[in-house]
Amino acid sequence: MDADKGQVIEFLCDPALEGRIPVPERAIRFAPEWFKRLDREMGMPDAQGMPGMTVKACLPVTDALSLGFIIPLPFDIMLRVPEDRVSIQFGWAPDVPFQPVEQHHPGQIGAPEPPFERAMPLKFINPWRVRVPAGYSVLFAPPFSRPDLPFTCFGGLVDCDRFDTTINFPFLWTGDPGEHFLPAGTPMVQAVPIQRSAMLRQSQARGSTPAELEEQAAAAGRKYGEESVYAKDWRVKK
């Protein structure tokens, strides 16, 4: 968004928390360690004889990791997860000013009916109010490409230009049973501002024309036979 034109997303917290809790930041600053430690090349050719590349060389993955902002966990949390994944216990330091995790009633997601036979819905209490310019909503989604996280938040789209309070994030524990420590700063959700007037609402599903099939075949040939063609010719610079 263009800050010079006032198109800014704001994250507002209680003044008593300012400087005490991790702040939301551009999502790329929370890129996972598994991604950071990858080399771009695998050191072997692919099936087409081109250099074999890892996911780190896939710009769509990098662009998704960079999209929007991450809202981090405000405080350290300890969890004790039993084998049934239902009777989950959690705790935090005694000086934490509010309860950072609460339970939902299982019936709110239809538990114990499939797919929630062994699930306890929880929610992160988010201290940040999100404010965006008129006409914008915010998509709150599980952080993209983060299978390393032991929980998954439910996605939600909120008209934050009209919603003047904080938004909490329901989640399910997806990690192993046992005792777990989630440090402050752990990514909770990825927040992506969306201009509602730019959303596509109409769709078509049809067979390709001969010209479209030819176009697709030419693009596939370049994709698998020309190095970095997406970066050079197809990617719109963000």
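The values are calculated or read from the model by the stated rules, or taken from the named source; none is laboratory data. All values derive from a computational prediction rather than experimental measurement. As a convention, Cβ positions derive from the backbone with ideal geometry for all residues, glycine included, and neighbour counts pool all protein chains shown.
Structure notes:
- Restricting attention to region 52-100, the residues that are in contact (Cβ under 8 Å) with a residue 40 or more places away in the chain, farther than 30 Å from residue 39 by Cα and of a type in the set (S, T, N, Q) add up to 0.
- On the stretch given as region 207-232, residues that are charged (D, E, K, R), out of contact with any helix residue (DSSP H, G or I) (no Cβ under 8 Å at 6 or more places or on another chain) and closer than 30 Å to residue 141 by Cα total 1.
- Restricting region 78-100 to residues that are of a type in the set (Val, Ile, Thr) and either part of a loop (DSSP other than H, G, I, E, B) or at pLDDT below 95 (or both) leaves a set whose member that is surrounded by the most Cβ atoms within 10 Å (Cβ to Cβ) is 88.
- Once region 133-144 is narrowed to residues that are farther than 18 Å from residue 169 by Cα and out of contact with any Ser or Thr (no Cβ under 7 Å at 6 or more places or on another chain), the residue that is surrounded by the fewest Cβ atoms within 10 Å (Cβ to Cβ) is 134.
- For beta carbons closer than 9 Å, sequence separation of 6+ or different chains, a first residue in region 21-42 that is touching a residue at least 60 places away in the same chain (Cβ under 8 Å) and a second that is part of a helix (DSSP H, G or I) and exposed (fewer than 14 other Cβ atoms within 10 Å of the Cβ), the qualifying pairs are 35/55.
- Where strands (runs of 3 or more DSSP E) fall entirely within region 141-238, those with at least 2 residues that are of a type in the set (S, T, N, Q) are at 187-195.
- Extreme residue, surrounded by the fewest Cβ atoms within 10 Å (Cβ to Cβ), among residues of region 185-208 that are in contact with a strand residue (DSSP E or B) (Cβ under 7 Å, 6 or more places away or on another chain) and of a type in the set (A, V, I, L, M): 194
- Residue within region 58-73 that is under 24 Å from residue 179 (Cβ atoms) and of a type outside the set (Asp, Glu) present: yes
- Each residue in region 101-132 was checked for being under 23 Å from residue 71 (Cα atoms), assigned to a loop (DSSP other than H, G, I, E, B) and either without any contact (Cβ under 8 Å) to a residue 24 or more places away in the chain or over 19 Å from the mean Cα position of the chain (by Cα) (or both), and 2 of them qualify.
- Residues located in region 33-53, provided they are surrounded by 12 or more Cβ atoms within 10 Å (Cβ to Cβ), modelled with pLDDT of 90 or more and out of contact with any Ser or Thr (no Cβ under 8 Å at 6 or more places or on another chain): 34
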